[in-house]
Amino acid sequence: LNVADFYRGSVADVEEVRKLPALPKTETELKAMGHYLGAEPASIYLRERATETKVKSITLNDFQVVAFATHGLVWGDLKGLVEPALVLTPPDQGKEQDDGLLTSSEVDQLKLDADWVILSACNTAAGDKPGARGLSGLAQAFFYAGTRALLVSHWPVESDAATALTTAMFEAIRNDPSIGRSE
């Protein structure tokens, strides 16, 4: 897989995005988070429901917690990618509004009123360009969009470990509601 071939102009090559390895544990992870939070099953978007078009159309400011469990990309991971992005299910045909990559500039346009956004993906605390300070890419965009707290990573994350981390975190909070998120 040559990630340099992902972009054709300003729209990601959706066929190349589709070639990213599957993350089968993310379904378990998101459902477990939903269980701990008491979320309705319909509010968990998986596979064909987890698209850029869907994310941009949901009234996200109705949710106190918003979570993504997916691939996270940083500047330069793909040819033409000049900002961090979350990978979502790509459409049949890529277009500017939906090419399967939710970039930090697109996140910035979302309207959130979330107490907490969880980004269970690689490098979600990374800067928006080489040498940039941390929390300037996706993380900063989610703050601009209206979240008050984030759970992000500053390194590559293995799927089993990410699932174990987030589910253990929610279990700890359930067992002791007085602990803070950072704890």
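Miscellaneous remarks
- Under 15 Å, Cβ to Cβ, from Ala161 - net charge with Lys/Arg +1 and Asp/Glu -1: -2
- Taking the three principal axes of the alpha carbon atoms in the chain, the coordinate ranges are 49, 36, 30 Å, sorted in descending order.
- Size check on the range 17-83: the Cα extents along the three principal axes, sorted descending, read 40, 26, 19 Å.
- Within the chain, helix-based [θ] at 222 nm, where runs of 4 or more DSSP H residues each add -39,500 (n - 2.57), nearest 500: -8000 deg cm²/dmol
- Taking the inverse of the mean reciprocal distance over all distinct Cα pairs, the Kirkwood hydrodynamic radius of the range 47-112 comes to 12.4 Å.
- By accessible area, using a 1.4 Å probe on protein heavy atoms only, the chain has 53% of its surface on carbon and sulfur.
- Student exercise, the range 31-82 dipole from Lys, Arg, Asp, Glu Cβ charges, in Debye to nearest 20: 120 debye
- For the chain, the longest principal axis of the C-alpha atoms and the axis of helix 25-37 are separated by about 40°.
- Debye, to nearest 20: dipole size of the chain, +1 on Lys, Arg Cβ, -1 on Asp, Glu Cβ: 120 debye
- Across the chain, Cα pairs under 8 Å and at least six residues apart give a relative contact order of 23 percent.
- Between Glu40 and Trp155, the FRET efficiency estimated from the beta carbon spacing at R0 = 30 angstrom works out to 0.40.
- Annotation: extensible slack from Ser178 through Leu165 equals 2.8 nm (criterion: 0.36 nm per residue apart, minus Cα-Cα distance).
- For a paramagnetic label modelled on Asp115 (point 7 Å from Cα along Cα→Cβ), amide N atoms under 14 Å away belong, within the range 16-51, to 36-39.
- R0 of 25 Å, Cβ-Cβ distance Ala22-Lys95: FRET efficiency to nearest 0.05: 0.60
- Rg over Rh, two decimals, the range 10-53 (C-alpha only, Kirkwood Rh): 1.08
- Rolling a 1.4 Å probe over the protein heavy atoms leaves His154 with an accessible area of roughly 110 Å².
- Heavy-atom accessible area per residue - the range 84-183, 1.4 Å, Å²: 49 Å²
- Within the chain, percent of DSSP bridges classed antiparallel, to nearest 5: 55 percent
- Average accessible surface area per residue within the range 8-77, 1.4 Å rolling probe, Å²: 57 Å²
The values are calculated or read from the model by the stated rules, or taken from the named source; none is laboratory data. Please read all numbers here as calculations on a predicted model, not as lab measurements. We place every Cβ from the backbone using ideal geometry, glycine too, and count neighbours over all the protein chains shown. With ligands, DNA and RNA removed, areas are computed over all heavy atoms of the protein, side chains included. Shrake-Rupley method; radii C 1.70, N 1.55, O 1.52, S 1.80 Å.
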